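Enquirer: Below you'll find the structure I mean.
Values in this text are rule-based calculations from the coordinates and carry no lab data. These numbers come from a predicted model, not from an experiment. Every residue, glycine among them, receives a Cβ derived from its backbone with ideal geometry; neighbour counts consider all protein chains shown.
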Amino acid sequence: MAILDWAEAERRDLPWRRTRDPWAVLVSELMLQQTQVARVVGAYPAFIARFPTPTACAAAPVADVIRLWAGLGYNRRALLLHRAARKLVADHSGNVPDRLPGLLRLPGVGPYTARAVLAFAFERDVAVLDRNARRVLSRALGGAVKQSDADAVVPSGKGWAWNQAVLDLGAIVCRARPRCGACPAAAARACAWHAAGRPEPDPWPRAAGQTCFEGSDREGRGRLVRALRERPVPWANIADATGWPEERERALRVARALVAEGLAVDGGDRLSLPL
């Protein structure tokens, strides 16, 4: 197929594509949630070296996992990954399940991540639908793609290669502003939207825009977790650690939310990472 042939020459060389280890694939997928690929490329090798198995991750203090998550954002994913590792040890003898129901019961694992593990670790013929893949397949099929539609077009025995190809095509060529002249699907007349003359509306179902990070609670949370990675923070210094020295109540609210989520521990006079 044209897309698979294109991918043989254009496939991105990413470290998690060099393994079929289910744990390593699961780690990469949790890291990639809402985080740029370049940032994950920098953090992934050290994380896998430190936590090569679910057992190694589960045995470590959650603080160690949070520290190694530095630079990836959305720190709650580190906490969920640690919880997933402990569940794998407790319920699956330290092995990652190879069936959808078992994967979906893991903390932090939703339908996309579960199918990514099935496709990229176990090479199952299921479609992996992230934002990029959804854009490619919606345009190719001429309408907003459903999971069943995407599953139906995965070539038999090619689940790994097909999904990597579709993800790369969406990241490199079939972007929000598509480069149809470089697209193998358009060249092979395998894209319904292109063949129809790219009529409006674009069949790709666009997600709602994200709220601005700068000045948001997420920014203050990130600053506070970054400070906690270095050392415990006295409650008296929380406002400074969040970057809001004049907004003490807001800073305290964010800090209490971290405690409620399990990302921090209230030690009485100070906040610290959980053990």
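Enquirer: Kindly indicate whether R229 is crowded, with 16+ Cβ neighbours inside 10 Å, touching a helix residue (DSSP H, G or I) at 6+ places or on another chain (Cβ under 6 Å) and not polar (S, T, N, Q).
Expert: In short, no.
Enquirer: Is it the case, given these coordinates, that A38 is of a type in the set (G, A, S), on the phi < 0 side of the Ramachandran plot and in contact (Cβ under 8 Å) with a residue 40 or more places away in the chain? Spell out the reasoning first.
Expert: On the way: of a type in the set (G, A, S): yes; on the phi < 0 side of the Ramachandran plot: yes; in contact (Cβ under 8 Å) with a residue 40 or more places away in the chain: no.
Taking the combined requirement at face value, the residue does not satisfy it.
Enquirer: What number of residues within the stretch 67-90 satisfy the criterion of being assigned to a helix (DSSP H, G or I), crowded, with 23+ Cβ neighbours inside 10 Å and out of contact with any Pro (no Cβ under 7 Å at 6 or more places or on another chain)?
Expert: 3
Enquirer: How many of the residues making up the stretch 155-194 are β-branched (V, I, T) and crowded, with 22+ Cβ neighbours inside 10 Å?
Expert: Residues that pass the stated criteria total 1.
Enquirer: Within the stretch 234-248, work out how many residues are closer than 18 Å to F213 by Cα and polar (S, T, N, Q).
Expert: Matching residues across the stretch 234-248 total 1.
Enquirer: Of N163, N132, which residue is within 17 Å of M31 (Cβ to Cβ) and part of a helix (DSSP H, G or I)?
Expert: N132
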